[in-house]
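K.L.:
Pasting a structure here, questions to come.
Nothing in this text is a laboratory measurement; each read-out follows from the coordinates by a stated rule. This one's a predicted model, so the numbers in the text were calculated from it and none came from an experiment. Glycine also receives a Cβ, built like all others from the backbone with ideal geometry; neighbour counts cover every protein chain displayed.
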Amino acid sequence: MNTGPVGGAPTPEFQMSKAITFSEYGTPEVLRLSEVTPPEPGPGQVRIRVRAASVNPLDMKIRSGLMAGAVPARFPVVPGLDAAGVVDAVGEGADAAVGDEVLGATAGGSYSEYALLDRPVAKPAALPWEVAASLVTVGRTAFRVLAQLGVGTGQTLLVHGAGGSVGIIAVQLAVTRGISVIATVGEHDIERVTALGATAVRYGDGWDRRVKAAAPHGVDFVLDASGAGVLADSVALTGDSARVITIADMSAAQYGVRFSAGSADRSEDALPQLVEAAADGRLTLPVWRTYPLEEAAAAHADLEAHRNRGKAVLLP
């Protein structure tokens, strides 16, 4: 993730377009449908007509001001990290052409009719727009944390929050690598996660006893994608805080656990691999609901209330 300022006014160009913006930190109600000038692509960039924009938990943390120390806002901000769409303008040296269908991480926000991509990845025709946009951040995150853990074939990985988007991709990546996966999930996700090849156990009180029963030979590594206060017991299960990593619990340092964030160590090959796997059915990512662009506030409210069971996607 870019840790510099987010948002800012785009370079003036032709007609005005629509985007979601916010000019102060706050609840979902600060999100407004606004008229903006489409951004101009710089060297290596492409501009896309957005067909789908993923809604991620980080979007809500930025909007609320929770990330203001790490990601200072330059208002007005166009939120959003990921998008998929059709290239309509290219910068010098860009690795795509007008008319190409692409996806990737956006520079300057994705909740908009137009967005910029620094490293566009080709979208296969078989991949739906909403899935293409949804893969970017959660897929790369799952790929990154498995690499950081160093878990390998024949070892046992415990995934907390395996019913969420990062968790469900991590489960699939691990299973295909010959890793035994124990997954803590809600009752409603047990069948779905089991079908992906994991041993699913119900989260909540007593989860550690259920994990021990499911993995009598022990757990080698733990990925916490839940942020549900499971770090102390996870360290106890592995016997080593270096074998535990979280993407969701800000108290990680208290337990000597790594908090994984950002993209500096993220493989550039991850997204094309994930896209190929999703296009041919080897990787699935549930999309819970799509919203028109003007209902971005409703999407944020639904995710903050944990009503979703899969990705939420805006369709500009």
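K.L.:
³J(HN,Hα) across the range 232-248 via Karplus (A = 6.51, B = -1.76, C = 1.60, θ = phi - 60°), whole Hz, x for Gly/Pro?
P.N.:
After applying 6.51 cos²θ - 1.76 cosθ + 1.60, I find 4, 5, 5, 4, 4, 5, 8, x, 7, 5, 5, 9, 10, 9, 10, 10, 9 Hz.
K.L.:
Let me ask another. Amide H to amide H, which residues 5 or more places from residue 115 or on other chains are under 5 Å from it, using H placed in the peptide plane?
P.N.:
Residues meeting the amide H criterion: 48, 50.
K.L.:
For a quick check: with amide H placed at 1.01 Å from N, whose amide H comes under 5 Å from residue 94's, ignoring anything fewer than 5 positions away on the same chain?
P.N.:
Close amide H contacts, sequence-distant or interchain: 44.
K.L.:
For the range 133-168 and the range 238-303, write down the distance between their C-alpha centroids in whole Å.
P.N.:
Result: 7 Å between the Cα centres.
K.L.:
Pop out the Kirkwood hydrodynamic radius of the chain from its pairwise C-alpha distances, inverse of mean 1/r, in Å to one decimal.
P.N.:
Result for the chain stands at 20.0 Å.
K.L.:
Would you kindly derive the ³J(HN,Hα) couplings of the range 37-51 from the backbone phi angles with the Karplus curve 6.51 cos²θ - 1.76 cosθ + 1.60 (θ = phi - 60°), listing them in order in whole Hz, with x for Gly and Pro?
P.N.:
Running phi through 6.51 cos²θ - 1.76 cosθ + 1.60 with θ = phi - 60° gives 8, x, x, 9, x, x, x, x, 9, 10, 9, 10, 7, 5, 9 Hz.
K.L.:
Return the long-range amide H neighbours of residue 283 (sequence gap of 5 or more, or a different chain), with a cut-off of under 5 Å between placed amide H atoms.
P.N.:
278
K.L.:
Turning to a different aspect of this structure: Once phi is turned into θ = phi - 60°, what whole-Hz ³J(HN,Hα) does the Karplus curve with 6.51, -1.76 and 1.60 give for every residue of the range 140-145, x standing for Gly and Pro?
P.N.:
Working through the residues one at a time gives 5, 5, 4, 4, 5, 5 Hz.
K.L.:
Kindly rank 126-137, 91-102 from highest to lowest mean number of other beta carbons found within 10 Å of each residue. Provide the component values of the computation, followed by the final result.
P.N.:
Values: 126-137: 23.3, 91-102: 14.8.
With the highest mean Cβ count within 10 Å placed first, the list reads 126-137, 91-102.
K.L.:
Right, another one. Among the lysines, select those whose C-alpha is under 17 Å from the C-alpha of residue 61, and discard any that sit fewer than 8 residues away in the same chain.
P.N.:
Output for residue 61: 311.
K.L.:
For the residues 111, 291, what sequence is obtained by ranking on other C-beta atoms within 10 Å, fewest first?
P.N.:
So the residues, fewest neighbours to most, are 291, 111.
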